[in-house]
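What follows is calculated from the coordinates using simple rules that are stated; it is not laboratory data. Please read these numbers as outputs of a predicted model, since none were measured by experiment. Heads up, the Cβs are rebuilt from the backbone with ideal geometry, glycines too, and the neighbour counts pull from every protein chain shown.
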Amino acid sequence: MKKIQILGTGCAKCQKLAAVADEAAKSLAVPYELEKVTDLKQIMSFRVLSTPALVVDGVVKLSGRVPTLDEARQLVR
């Protein structure tokens with residue numbers, strides 16, 4: 001099962017990234033768990049410089065922007 005984490009404070013971009021990542025994972029039919037990480041100390045532990053950020057199985061895949069659905073599929077895959 002893939003673990004997908006959205007790092008961010010809950011802003012509009014963070015919510016959009018969560019929606020795009022969720023849709024990408026569903027379209028790939030991969031079992032996954034989606035977690036929204038809003039705690040600043042926990043976000044800082046990933047060493048991202050900007051949010052929102054997408055983390056897949058503990059690896060930061062993207063930060064600072066919202067990807068297209070196709071790009072999100074590639075990142076989640």
> Out of residues 5 or more away from LYS61 or on other chains, whose amide H comes under 5 Å of its own, with H placed 1.01 Å from N in the peptide plane?
Replying inline: LEU54, VAL55, VAL56
>> Per residue of segment 30-44, what does 6.51 cos²θ - 1.76 cosθ + 1.60 with θ = phi - 60° give for ³J(HN,Hα)? Whole Hz please, x for Gly and Pro, Karplus curve as stated.
In response: 9, x, 8, 10, 9, 10, 9, 9, 10, 6, 4, 5, 5, 4, 5
> What ranking, highest mean first, results for peptides 13-19, 3-9 when packing means the other Cβ atoms within 10 Å averaged over each residue?
Replying inline: 3-9, 13-19
> Could you give me the ³J(HN,Hα) list for segment 63-77, computed from phi with Karplus coefficients 6.51, -1.76, 1.60 and θ = phi - 60°, whole Hz, x at Gly and Pro?
Replying inline: 8, x, 7, 9, x, 6, 4, 4, 5, 4, 4, 5, 5, 6, 4
> Which one, (1) 12.3; (2) 12.6; (3) 12.0, gives Kirkwood radius over Cα pairs in Å as derived from the coordinates shown?
Replying inline: (3)
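Working out 0.36 nm times the residue gap between ALA19 and ARG77, then minus their Cα-Cα distance, what length gain in nm do you get to one decimal?
Extra length from ALA19 to ARG77 when fully extended: 19.3 nm.
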> Non-local amide H neighbours of LYS2 (under 5 Å, H modeled in plane, Pro and chain starts lacking H): which ones?
Replying inline: TYR32, GLU33
>> Below 8 Å between Cα atoms, with a sequence gap of 6+, how large is the relative contact order for the chain in percent?
In response: 42 percent
> Given H placed 1.01 Å from N in the peptide plane, which residues other than close sequence neighbours of LYS36 have an amide H under 5 Å from its amide H?
Replying inline: ILE6
